[in-house]
Amino acid sequence: MEGGPAITLAALSITFLVGLSRAMILFIVTSGLSFVLGVLRVPNLAHGSLYMIGAFAAYSITMLFGGGSVGFWLALILAPLVVALISLVAERSLFCHLYQREHLMLLLFTFALMLILGDLTKMVWGADYRSIMPPTILQGSVSIFGSPFPKYNLFLLIIGPLVAIGLWLFSSKTKIGKIARAAAVDMEMVGAIGINVSWVFAFAFVLGCFLAGLGGALVSPTISVTIGMDHNIIIEAFLIVTIGGLGNMWGAMVGSLIFGITQSFGVLLWPQFAIVFPYLAVVIVLTLKPTGMLKSVW
Amino acid sequence: MFGEMIRQKSFGVSVAIFVILLLAPSFLPRFYIYFLAVIFVTALLAMSLNLCVGHGMLFQFHHGVFYGVGAYTTGLLLAKTSLPWWLAFVAGPLAAAFAGLLIGMFCIRLSRLYFGMLQISLGSLIWAIAFRWYDLTGGDDGIHGIPIPDFIASTTSSYYFVLMVLGICLILLYLILKSPFGSTLQAIRDNPERCAAVGINVRRHQLKAIVIATFFGGVAGVLFVVVEGSIFPDLLFWTLSLEIFIMCLLGGWFTFAGPILGAAFIVSLRTFVGTYTEYWTLILGIILILLIFFLPEGVMGYNYRKLFRSRTQYSAEGQTE
């Protein structure tokens with residue numbers, strides 16, 4: 001493969017950047033999943049469905065405001081809030097009554113939620129493919145080593161680290177963030193010093209789902225939004241959380257980078273079997289480091 | 001061992017059900033015969049998974065892959081080669097068991113959730129290959145109209161074939177669970193540390209359980225080909241695995257026949273609610289939530305509570321020490 005005409009420095013760097021921007025979307029979704037997993041100790045199977053709803057909501061909000069740039073920026077703010085609201089309702093009306101039960105019940109509940117949200121999405125938006133344009137300022141591409149690179153992906157490369165820094169500041173500097181981190185380590189102790197554990201759970205769940213919605217809204221201009229995208233993202237997100245280290249936010253970042261970059265290099269090297277590469281990477285990581293790259297909170 | 005099985009109270013009930021099922025084709029319309037055959041296939045699949053999940057406490061998250069490997073091996077051999085049919089039928093379960101051995105050897109070193117995740121990843125590899133290798137597997141379309149041997153080609157004869165194989169497999173699974181191996185497996189589930197301390201090779205037993213379970217999963221895959229005459233990549237997709245996992249939980253995963261009930265419940269729901277509305281998973285979700293809130297014992301069965309109560313007591317005692 002050395003010196004092959006297809007693999008030039010430009011192609012390699014573009015491939016790397018595309019993988020990196022894909023990793024940013026994955027990170028935003030996965031960090032939410034990881035946060036819920038860390039605090040509630042439950043793999044939230046409905047996380048992918050909320051990501052899908054975020055993407056559909058972004059589509060509808062953009063269309064509501066005429067499909068232009070203003071609509072998109074509003075959608076980017078409102079769609080995650082819509083998703084957060086849905087998760088808050090589900091959490092306060094049903095989920096919060098199950099915290100005293102076995103963990104398997106919580107897992108079954110998130111499965112039921114996934115089934116229900118999946119079908120509700122189909123009812124509201126139908127089975128068609130939807131797509132929206134990025135705002136005018138982010139349309140077109142810039143030249144990197146003489147090859148075109150979409151401006152929107154550049155925007156993702158900025159948003160991803162911003163979200164990571166925001167999450168880090170939130171969890172290490174604010175009081176509620178510190179409580180949530182403490183809850184991830186020792187829930188009983190947090191309850192014992194007089195903090196309402198149920199609300200900590202609710203907060204963690206809603207924040208995690210908000211991030212899923214944000215990821216969905218951010219991804220909507222780059223793909224065709226359709227039902228079924230929940231099943232793909234949730235399995236990727238779980239694998240990323242596992243190779244990164246359960247509940248560890250930086251682990252989610254490392255895992256997303258591994259996943260996104262192997263995926264885009266797979267497309268470059270062997271397009272037909274590109275989807276095999278990230279799974280292969282997961283297998284290699286778990287074989288070498290069975291409990292993930294970084295320290296798990298479990 | 002047979003004698004003990006025959007003395008069981010539930011043995012009479014099982015025989016009665018079996019006789020009714022034998023006579024079913026004479027009074028049921030054709031659609032229901034097909035429907036029952038689908039339940040049998042799914043029930044065998046759920047039973048095979050439960051050997052790992054319920055009796056071995058191994059989080060086999062991607063059992064569907066072995067079902068798919070069995071179905072693909074048999075389907076491809078029937079459709080693309082001129083090998084005798086029985087060779088194709090034997091090759092399916094063997095290929096599934098081999099895949100189970102390979103994947104199991106990778107996964108067995110990891111604990112619980114990591115075990116399941118690595119399995120999902122390795123299983124997704126196989127899914128991706130079947131999904132993309134158009135020349136061999138037909139890609140996302142799969143292969144339809146696989147030539148089934150004449151003597152089991154009709155709905156009724158395939159029904160009898162599936163029923164016979166299911167019956168044999170259930171007896172085998174029962175005998176395996178009652179054998180010293182089965183008892184050891186359940187002992188490992190209840191207390192792996194103590195089992196290791198008395199000199200049982202824990203991982204070796206678990207790996208054996210995985211290979212046996214995947215073998216029977218492969219048998220279910222072969223039966224799927226017999227009933228449907230087609231193969232497609234959804235057989236290997238992880239949502240199917242999740243569905244079978246739920247079947248085990250619904251029916252009661254510490255019981256022998258629980259997964260059969262779970263399978264019958266979900267297949268019926270899909271078939272009958274599915275004809276009225278395309279939103280049958282919504283109904284399934286609502287039923288699940290109702291069960292979780294009002295009938296948790298129905299979901300898990302009594303044994304579940306018993307086991308976990310004793311376990312939480314045990315850990316509570318451990319903490320107070």
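What follows is calculated from the coordinates using simple rules that are stated; it is not laboratory data. As the structure is a computational prediction, the values presented were derived from the model and not from experiment. Don't worry about glycine lacking a Cβ; one is built from the backbone with ideal geometry, like all the others, and counts go over all protein chains shown.
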**Request:** Report, to the nearest 10°, how far helix B:155-178 tilts away from the longest principal axis of the Cα atoms in chain B, using its own Cα long axis and a range of 0 to 90°.
**Result:** 20
**Item:** A:Trp270-A:Thr8 FRET efficiency (beta carbon distance; Förster radius 22 Å; 0.05 resolution)
**Value:** 0.80
**Asked** How do A:Ser171, A:Ser21, A:Ser256, B:Ser10 line up, fewest other C-beta atoms within 10 Å first?
**Response** B:Ser10, A:Ser171, A:Ser21, A:Ser256
**Item:** Cα-based shape type of the range A:93-217, given that a ≥ b ≥ c are square roots of the gyration tensor eigenvalues and the cut on a/c is 1.5
**Value:** oblate
**Prompt:** What is the helix-to-structure angle for B:112-132, meaning the angle in degrees between its Cα long axis and the longest Cα principal axis of chain B, kept from 0 to 90 and rounded to the nearest 10?
**Reply:** 10
**Complete:** Taking a ≥ b ≥ c as the square roots of the eigenvalues of the Cα gyration tensor, with a/c under 1.5 meaning rounded and otherwise prolate when a/b exceeds b/c and oblate if not, the range A:1-146 is oblate
**Message:** Of B:Thr74, B:Ser179, B:Trp133, which is farthest towards the positive pole of the range B:28-276's charge dipole, taken about the Cα centre with +1 and -1 on the beta-carbons of Lys, Arg and Asp, Glu respectively?
**Reply:** B:Ser179
**Message:** Residues of the range A:117-133 with backbone nitrogen within less than 16 Å of a virtual label 7 Å along the Cα-to-Cβ line of B:Ile286, please, listed as ranges.
**Reply:** A:117-124
**Amide proton proximity set for A:Gly245, modelled H, under 5 Å, gap of 5+** = A:Met293, A:Leu294
**Request:** Before rounding to the nearest 500, sum -39500 (n - 2.57) across all DSSP H runs of length at least 4 in chain B and divide by the residue total; then give [θ] at 222 nm in deg cm²/dmol.
**Result:** -25500 deg cm²/dmol
**Item:** Quarter of Cα convex hull surface for the range B:28-276, i.e. mean projection, nm²
**Value:** 13.2
**Request:** Give the order of B:Ser82, A:Ser34 when sorted by the count of other beta carbons within 10 angstrom, beginning with the fewest.
**Result:** B:Ser82, A:Ser34
**Prompt:** Which log10 I(q)/I(0) values, to two decimals, does the protein assembly as shown give at q = 0.08 Å⁻¹ under the Debye formula with one point per Cα?
**Reply:** -0.61
**Asked** Which helices of chain A meet both criteria: a Cα extent of 24 Å or more along the helical axis and a mean Kyte-Doolittle score no lower than 0.5, with helices taken as whole DSSP H segments?
**Response** A:9-40, A:47-64, A:69-93, A:103-125, A:151-173, A:197-219, A:249-269
**Complete:** When A:Ser147, A:Ser296 are arranged by how many other beta-carbons sit within 10 Å of their Cβ, fewest first, they go A:Ser147, A:Ser296
**Request:** Return the single residue from B:Glu228, B:Glu193, B:Glu278 with maximal mean-square fluctuation; model: Gaussian network over chain B, springs between Cα atoms under 10 Å.
**Result:** B:Glu278
**Request:** Rank-order B:126-139, A:111-124 by packing density, defined as the average count of other C-beta atoms within 10 Å over each peptide's residues, highest first.
**Result:** A:111-124, B:126-139
**Request:** Quickly rank A:269-281, A:129-141 as a protection proxy: mean count of other C-beta atoms within 10 Å, highest first.
**Result:** A:269-281, A:129-141
**Request:** Provide a whole-number value for the mean count of partner chain Cβ atoms within 10 Å of the Cβ atoms in peptide A:233-246.
**Result:** 3
**Asked** From a point 7 Å beyond the Cα of A:Val89 in the direction of its Cβ, which residues of the range A:43-76 have a backbone N at a distance under 15 Å?
**Response** A:50, A:53-54, A:57
**Fill in**
Within 10 Å of the Cβ of an average residue in B:105-112, the count of other chain Cβ atoms is 2
**Message:** Could you tell me how many cubic angstrom of Cα convex hull volume the range A:177-228 has per residue?
**Reply:** 96
**Contour excess over end-to-end distance, with Cα ends at B:Thr271 and B:Phe293 and 0.36 nm allotted per residue** = 5.4 nm
